[in-house]
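Written out below as structure tokens is the structure these notes cover.
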Amino acid sequence: MSYAFRLTKTGGPEVLEWQPVDVGRPGSGQVALRHTAVTLNYIDTLHRRGVYPLPLPNGLGVSAAGVVTEVGQGVAGLRPGDRVAYAWISPGAYAEERIVPADRIVKIPAEISDQQAAAIMMQGMTARFLIRRTYKVKAGDTILVHAAAGGVGLFMCQWAKHLGATVIGTVSSTEKAQFVKQHGCDYPIVYTSENFVDRVVDITGGRKLPVVYDSVGKDTFDKSFDCLQPFGLMVLYGQSSGLIGPIDTSFLAAKGSLYFTRPTIWAHVARHEDLVASANEVFDVVKNGHVKVALARTYPLKEAGRAHNDLVERKISGSVVFTL
């Protein structure tokens, strides 16, 4: 019998229920996986709390790595024993085994471990669409990355630094400031004790920034616009501190013809060919040493509740995976 975490109600980590499940066999276009590493993403805590509601009962977790155990009819290019990873499919990754669509997984290169693949699929591909497509970071740019010590933030800092950008990042403590400085962030700002707008103005000599990347939301959203130069782009891709509420867009004109976007990873990997291209580019920057996977901790999957608490309480810097 296989086991998985299930949600029958929303709330704190105690609502996670470790239950026996009947995985079944893969149908047409599907594969069966035995998970080897499961990603802890911040969105998992939002699904658990009901901030982003799921139909209940449901699974939890949207990215993982594993080994193919069986392929369904019509599946080409995959066979039992292949090491694969996925990101952003229907929740259910917090499980020993599961059935997934074959066109939503990618093969893991030999140079990448299962734990690395699990850690970088969701977070690395998010970083990729943010700095390679939403705003194409180039040499000479100065950018601001909020939550720089998180999994996505660390990936962005290193990748942007490799591209020749100067990286400013906000963090919640001096310890995290030292940590991100070792991972591509030129100017860490401890936002709990410093005014990040004033620091950005000072660092840039008053020129401000062409882009701000914000996954925090409510606590940083309004002030982030004050960090932008005319025609600058505000990129909101998460709301860990809370929802931002309605926006009166007239202030975009008042602050210098600013741009605002709310992109998602799904739109960037909706087609299988886009998913493969995105994952391969992420794997390449890791294989080539441009980005080092900052794997903060591993937890046994059964301790998912403890990991959720640690993440929400900001005890973690970097990526976290569950092991099985």
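The values are calculated or read from the model by the stated rules, or taken from the named source; none is laboratory data. Since we're looking at a predicted model, the values are computed, not measured. Cβ: placed from backbone, ideal geometry, glycine included. Neighbour counts: every protein chain shown.
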**Residue list for the stretch 289-309, restricted to those being more than 18 Å from E96 (Cα to Cα) and either surrounded by 18 or more Cβ atoms within 10 Å (Cβ to Cβ) or among the hydrophobic types (A, V, I, L, M, F, W, C) (or both)** = V291, V293, A294, L295, A296, H308
**Asked** For L54, which of the numbered conditions (1) touching a Ser or Thr at 6+ places or on another chain (Cβ under 9 Å); (2) closer than 15 Å to I120 by Cα fails to hold?
**Response** (2)
**Request:** Working only within the stretch 216-252, note down all residues that are modelled with pLDDT under 90, of a type in the set (A, V, I, L, M) and within 24 Å of the chain's Cα centre (by Cα).
**Result:** L243, I244
**Fill in**
In the set V212, V269, V190, the lone residue that is closer than 24 Å to H162 by Cβ and either in contact with a strand residue (DSSP E or B) (Cβ under 6 Å, 6 or more places away or on another chain) or surrounded by fewer than 18 Cβ atoms within 10 Å (Cβ to Cβ) (or both) is V212
**Complete:** Sole miss for D198 among (1) closer than 25 Å to A119 by Cβ; (2) surrounded by fewer than 24 Cβ atoms within 10 Å (Cβ to Cβ) is condition (1)
**Asked** Name the residues in the stretch 66-76 that are within 22 Å of A37 (Cβ to Cβ) and of a type outside the set (D, E), would you?
**Response** G66, V67, V68, T69, V71
**Search result, residues across the stretch 283-303 that are part of a loop (DSSP other than H, G, I, E, B) and touching a strand residue (DSSP E or B) at 6+ places or on another chain (Cβ under 7 Å)** = V293, A294
**Fill in**
In the stretch 119-162, anything within 22 Å of L275 (Cβ to Cβ), more than 16 Å from the chain's Cα centre (by Cα) and either buried (at least 19 other Cβ atoms within 10 Å of the Cβ) or touching a residue at least 12 places away in the same chain (Cβ under 8 Å) (or both) is listed as Y135, V137
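Residue-by-condition table, conditions (1) of a type outside the set (D, E, K, R); (2) crowded, with 16+ Cβ neighbours inside 10 Å; (3) modelled with pLDDT under 95:
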{"residue": "L16", "(1), (2), (3)": "yes, yes, no"}
{"residue": "G27", "(1), (2), (3)": "yes, no, no"}
{"residue": "A37", "(1), (2), (3)": "yes, yes, no"}
{"residue": "I43", "(1), (2), (3)": "yes, yes, yes"}
{"residue": "V51", "(1), (2), (3)": "yes, no, yes"}
{"residue": "V68", "(1), (2), (3)": "yes, yes, no"}
{"residue": "R83", "(1), (2), (3)": "no, yes, no"}
{"residue": "E96", "(1), (2), (3)": "no, yes, no"}
{"residue": "A110", "(1), (2), (3)": "yes, no, no"}
**Prompt:** Which condition does N280 not pass, out of (1) in contact with a strand residue (DSSP E or B) (Cβ under 7 Å, 6 or more places away or on another chain); (2) surrounded by fewer than 16 Cβ atoms within 10 Å (Cβ to Cβ), if it passes all the others?
**Reply:** (1)
**Count - residues of the stretch 5-39 that are in contact with a Lys or Arg (Cβ under 9 Å, 6 or more places away or on another chain) and within 16 Å of A307 (Cα to Cα)** = 8
**So V31, is it under 20 Å from V286 (Cβ atoms), at pLDDT 95 or above, buried (at least 17 other Cβ atoms within 10 Å of the Cβ) and in contact with a strand residue (DSSP E or B) (Cβ under 6 Å, 6 or more places away or on another chain)** = no
**Message:** of a type in the set (G, A, S), touching a Lys or Arg at 6+ places or on another chain (Cβ under 6 Å) and either part of a helix (DSSP H, G or I) or surrounded by 15 or more Cβ atoms within 10 Å (Cβ to Cβ) (or both): is that true of S224 in this structure?
**Reply:** no
**Complete:** Scanning the stretch 234-262 for residues that are under 30 Å from N309 (Cβ atoms) and in a loop (DSSP other than H, G, I, E, B) gives Y237, G238, Q239, S240, S241, G242, L243, I244, G245, R262
